[in-house]
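So the structure is just underneath, and the comments pick up after that.
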Amino acid sequence: MIRNRTKYLSIIFSLAVSASMLAACGNHAAAGGKISSGSLEPQETASTVTKSESAASSAAQSGSGSLSAIEDVVTDSGAVSSISVESSSVEQAAEENGFDNQTDLADGDYTPDPFSWSGGSGRVEISCTGITVKNGRSYADIKFSSTHYIYVRAEGLKINGSSGSGAFRIPVSLNQNNTVIGCTTAMSTPHEITYTMYFGVKDAGSADFSSESSGLSAQYNSLDDTAPQIPGLEYQSEISPQHASLFRIFRYNQGVDLVEVILRDSSSGSDLYENPVVKYLIAPEDAELIAGIEKEAVVIRKPATNVFLASEGAEKLLQKENLTSAFDKTDAGSYDDWDLKALLKGGTDLIIEDGKILSEDQKEAFDKNVNSSLQMNVPMFIDRSEDEGSEEAAAEWGQIYQLIFS
């Protein structure tokens, strides 16, 4: 979780309220191949290419003539050097420069199983049309739904695309997260957007993540009876409440916990907060989660340090658990009337909402709060402790806050 959240959230909010900015603004990062530790929050800080890209020198390749050029690009986040190639030269460049995309798979064509991704504004979709292994190295063919993408950066390469296609062949590491940076011209000036992409192929050798599933093997109509499988994580134990009936906790390695909370009896939509059960992944900042899992569970990075506490029931529990000193409290209105400016100014990284927002007469306020939470990229945890049938059951919700703040 990025600590300096005030500036970060302000940028996100400005993007959210501007349709053109939503089209393509992104955070520039070093063009590495794998993510060693990652937040899966969409990285939306604007990064504009502020100087025309030009070849600084020719990179003469042994026995192949001039294949590519070393380019120095200046962005808002600093200067970056990469090897610029056309899509047709990606395989040759990867071999000659020793990129880390080796695999034990036999040469041939494969179907991604699975492909998932995160990042961006949500206005652009990305697909993987196939994976190719050649000379023991793996490559993926990806396609953006927007035709404004002119190049991508992956594994140290800047790969130029053909005009208007949105399609690129890139070197990838299989069964683990990859950083891929795409440049779009949808705005008045080119902008780079950082994505996290996962390319899974079964039997592709050692892997950081299981390739059997792209996300949670969970149900959303009721609480799970057994721990869902989560790629890259190993189930360890369950915290079973003795009295509470509205939540369940499953514990995994890397300090990750899955908290399931019942919101309603039946489904009213397909979004995270519209299912009968919402899933929360409570994860340390350095825990790596598979790309795209934030589309199936609300990710709360811990420890949360700036909290909008809109639930009276949650506040009582936090006081009882001696946890109120673990964070700074943001004064941002009430559970049904958020002060968005105060949330942004306070650098809020977690909203604890009151279960009263789920009542039928609060549907408009609930929808507005969900939309604001998603736009600001601040997770919203809905406390239903006061909806439990007894004081003993309500008190057990303190176990969840121990996981978040301890």
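Since every read-out is calculated from the coordinates, none of them should be taken as a lab result. What you see is a predicted model; the values in this text were computed from it and never measured. Neighbour counts run over all protein chains shown; Cβ positions are idealised from the backbone, glycine included.
Counting only Cβ charges, +1 for Lys and Arg and -1 for Asp and Glu, the dipole size of the range 316-406 around its Cα centre is about 440 debye. Here the gap between residue 167 and residue 147, fully extended at 0.36 nm per residue and compared with their Cα-Cα distance, gives a gain of 6.4 nm. Placing a pseudo-label 7 Å from each Cα along the Cα-to-Cβ vector at residue 202 and residue 324 gives an inter-label distance of 5.4 nm. Modelled this way, with points 7 Å down the Cα-to-C-beta line, the labels at residue 237 and residue 402 are 1.0 nm from one another. Net charge near residue 367, counting Lys/Arg +1 and Asp/Glu -1 over other residues with Cβ under 11 Å of its Cβ? Result for the neighbourhood of residue 367: -1.
Since only 333, 402, 366 are under comparison, the one whose Cα sits farthest along the positive direction of the charge dipole of the range 235-405, derived from C-beta charges on Lys, Arg, Asp and Glu, is 402.
Taking amide H as placed 1.01 Å from N in the peptide plane, the amide H of residue 202 sits under 5 Å from that of 113, each at least 5 places away or on another chain. Scanning residues 5 or more positions from residue 151 or on other chains, those with amide H under 5 Å from its amide H are 161, 183, with H placed 1.01 Å from N in the peptide plane.
Around the amide H of residue 285, modelled in the peptide plane, lie the amide H atoms of 302, all under 5 Å away and 5 or more residues distant in sequence or on another chain. Computed from label points 7 Å out along Cα-Cβ, the spacing between residue 295 and residue 219 is 2.4 nm. Taking a point 7 Å out from the Cα of residue 341 in the direction of its Cβ, the residues of the range 365-396 whose backbone N falls within less than 20 Å of it are 369, 372-373, 375-377.
Is the range 235-405 best put as rounded, prolate or oblate by its Cα gyration tensor, with a ≥ b ≥ c the root eigenvalues, rounded for a/c under 1.5, and otherwise prolate when a/b is larger than b/c, oblate when not? Working shown, then result.
Numbers: a/c = 1.16, a/b = 1.11, b/c = 1.05.
Verdict is rounded for the range 235-405.
Rounded to the nearest Hz, the phi-derived 3J(HN,Hα) couplings of the range 360-365 under the Karplus curve 6.51 cos²θ - 1.76 cosθ + 1.60 (θ = phi - 60°) are 4, 6, 10, 4, 5, 5, where x marks glycine and proline. With 20 Å as the limit on Cα-Cα distance, the pairs of 302/341; 279/345; 279/302; 279/341 that go past it are 302/341; 279/345; 279/341.
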